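Student: First, the structure itself, so that you have it in front of you.
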Amino acid sequence: MLLSIVIVNYNVKSFLAQCLRSVQQSEGVACGVDYEVFVVDNHSVDGSVEMIREKFPWVRLIANQENTGFAKANNQAVRQSVAKYVLLLNPDTLIENDTLQKCLAFMESHPDAGGLGVKMLDGQGRYLKESKRGVPTPSTAFYKMTGLCKFFPRSKRFASYYMGHLSPDEIHSVEILSGAFMLLRRETLDKVGLLDETFFMYGEDIDLSYRILQGGYRNYYFPHTHIIHYKGESTRKGSLNYVLVFYKAMEIFVEKHFSKGRYKLYLQIIRIAIWLRAALSMLSIALQNIFLPVVRLLRSLRRNKNYPHGL
């Protein structure tokens with residue numbers, strides 16, 4: 001078998017249905033690519049499991065009785081899969097008709113490729129910078145969190161988090177791939193291991209990409225096809241839970257890979273910066289929760305004053 005597709009779902013039934021249809025209708029499948037599709041459902045309560053059983057009976061469904069996290073759920077399916085390549089795919093994505101065919105052809109012609117990512121666009125067709133990223137070393141993470149990355153978006157040094165100096169329209173050897181679409185060589189996974197289950201959500205794709213590089217393989221950014229990624233549907237990015245989970249994942253990665261020798265001081269600085277950034281984010285969310293209802297109430301009162309009932 002050539003391809004195993006693994007999708008982890010959590011309460012995004014409508015997006016999952018669209019994603020599965022895009023896979024089913026792709027040219028790769030139409031051209032006879034031998035494939036299997038796993039959906040691991042992390043105890044959704046929106047009817048996702050029933051929908052899969054009714055509308056997509058060809059899917060290999062794993063219905064967990066609890067939310068085991070992104071990394072662990074992916075690993076469940078990867079361990080059962082048998083294909084030469086494994087595609088980790090988010091449920092809130094749509095692939096193009098030619099995506100599977102082109103990506104598999106590239107991997108077949110580049111034996112040094114351990115992983116491959118594609119150009120990602122949001123729901124409005126805008127390019128998503130996380131399509132290609134650099135290893136979040138202490139300096140790279142510092143430039144990202146202090147805003148220097150944003151102020152110098154094309155700088156090889158300051159924008160290294162998003163590898164801003166590399167054109168989004170050309171093939172590049174990059175460092176970090178996005179877990180929203182991550183095509184992996186089975187041979188590579190056998191050598192470097194699966195996703196680190198220490199990460200509950202976020203950071204596991206960075207960690208695996210980094211280990212692929214350490215294993216002697218390359219990660220490629222391939223823009224000759226693209227996917228739509230309705231970013232953040234599985235987890236609302238304005239929520240307090242998102243802030244805590246995201247910054248905790250950053251801390252886990254830095255501590256795992258950059259906590260020895262000369263990086264000890266850097267680790268402490270980054271740890272302080274991470275939690276300072278998290279605190280500011282939480283403060284911003286709290287202020288929004290306090291003031292937005294007040295603003296809406298004032299606007300409503302103003303509208304009622306301008307357009308009284310009975311007129």
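Student: Could you go through segment 30-37 and let me know if any residue there is modelled with pLDDT of 95 or more and assigned by TED's automatic domain parsing to the domain that holds CYS103.
Tutor: At the first step, the residues of segment 30-37 found to be modelled with pLDDT of 95 or more are 36-37.
With the extra rule that they be assigned by TED's automatic domain parsing to the domain that holds CYS103, the set shrinks to 36-37.
Yes, because at least one residue in segment 30-37 is modelled with pLDDT of 95 or more and assigned by TED's automatic domain parsing to the domain that holds CYS103.
Student: Something else: Considering each of ALA141, ALA113 in turn, give the residue that is in contact with a helix residue (DSSP H, G or I) (Cβ under 6 Å, 6 or more places away or on another chain), outside the structural domain of MET250 (by TED's automatic domain parsing) and more than 30 Å from TYR35 (Cβ to Cβ).
Tutor: Of ALA141, ALA113, the one residue that is in contact with a helix residue (DSSP H, G or I) (Cβ under 6 Å, 6 or more places away or on another chain), outside the structural domain of MET250 (by TED's automatic domain parsing) and more than 30 Å from TYR35 (Cβ to Cβ) is ALA141.
Student: Considering only segment 26-80, how many residues are within 21 Å of the chain's Cα centre (by Cα) and assigned to a helix (DSSP H, G or I)?
Tutor: 11
Student: When you look at GLN76, is it over 20 Å from GLU197 (Cα atoms) and among the polar types (S, T, N, Q), yes or no?
Tutor: Details: over 20 Å from GLU197 (Cα atoms): no; among the polar types (S, T, N, Q): yes.
Considered against the rule, which asks whether it is over 20 Å from GLU197 (Cα atoms) and among the polar types (S, T, N, Q), GLN76 comes out as no.
Student: Being at pLDDT 65 or above, assigned to a loop (DSSP other than H, G, I, E, B) and within 17 Å of the chain's Cα centre (by Cα) is true for just one of LYS260, LYS231. Which residue is that?
Tutor: Being at pLDDT 65 or above, assigned to a loop (DSSP other than H, G, I, E, B) and within 17 Å of the chain's Cα centre (by Cα) holds for just one of LYS260, LYS231, which is LYS231.
Student: Please determine, by comparing only the residues of segment 158-191 that are among the β-branched types (Val, Ile, Thr) and in contact with a Ser or Thr (Cβ under 9 Å, 6 or more places away or on another chain), which one is surrounded by the fewest Cβ atoms within 10 Å (Cβ to Cβ).
Tutor: The qualifying residue surrounded by the fewest Cβ atoms within 10 Å (Cβ to Cβ) is VAL174.
Student: Oh, and also: I'd like the full set of residues that are small (Gly, Ala, Ser) and closer than 14 Å to MET163 by Cα, limited to segment 118-139. Walk me through how you get there before you give the answer.
Tutor: To start, the set of residues in segment 118-139 that are small (Gly, Ala, Ser) comprises 123, 125, 131, 134, 139.
Listed by number, the residues that qualify are SER131, GLY134, SER139.
Student: LEU148: aliphatic (A, V, I, L, M) and touching a strand residue (DSSP E or B) at 6+ places or on another chain (Cβ under 8 Å), yes or no?
Tutor: It is false that LEU148 is aliphatic (A, V, I, L, M) and touching a strand residue (DSSP E or B) at 6+ places or on another chain (Cβ under 8 Å).
Student: Continuing with the same structure: Quick one: which residue in LEU208, LEU184 is under 17 Å from the mean Cα position of the chain (by Cα), part of a helix (DSSP H, G or I), modelled with pLDDT of 95 or more and closer than 21 Å to VAL6 by Cα? Break it down stepwise before answering.
Tutor: Values: LEU184 fails: part of a helix (DSSP H, G or I).
Of LEU208, LEU184, the one residue that is under 17 Å from the mean Cα position of the chain (by Cα), part of a helix (DSSP H, G or I), modelled with pLDDT of 95 or more and closer than 21 Å to VAL6 by Cα is LEU208.
Student: Then there's this: If you scan segment 88-139, which residues turn out to be out of contact with any His (no Cβ under 7 Å at 6 or more places or on another chain), assigned to a helix (DSSP H, G or I) and surrounded by fewer than 24 Cβ atoms within 10 Å (Cβ to Cβ)?
Tutor: Those that are out of contact with any His (no Cβ under 7 Å at 6 or more places or on another chain), assigned to a helix (DSSP H, G or I) and surrounded by fewer than 24 Cβ atoms within 10 Å (Cβ to Cβ): GLN101, LEU104, ALA105, PHE106, MET107, GLU108, SER109, LYS129, GLU130, PRO138, SER139.
The values are calculated or read from the model by the stated rules, or taken from the named source; none is laboratory data. Here the structure is a predicted model, which means the values were calculated and not measured. Positions of Cβ are backbone-derived with ideal geometry, glycine not excepted, and every protein chain shown enters the neighbour counts.
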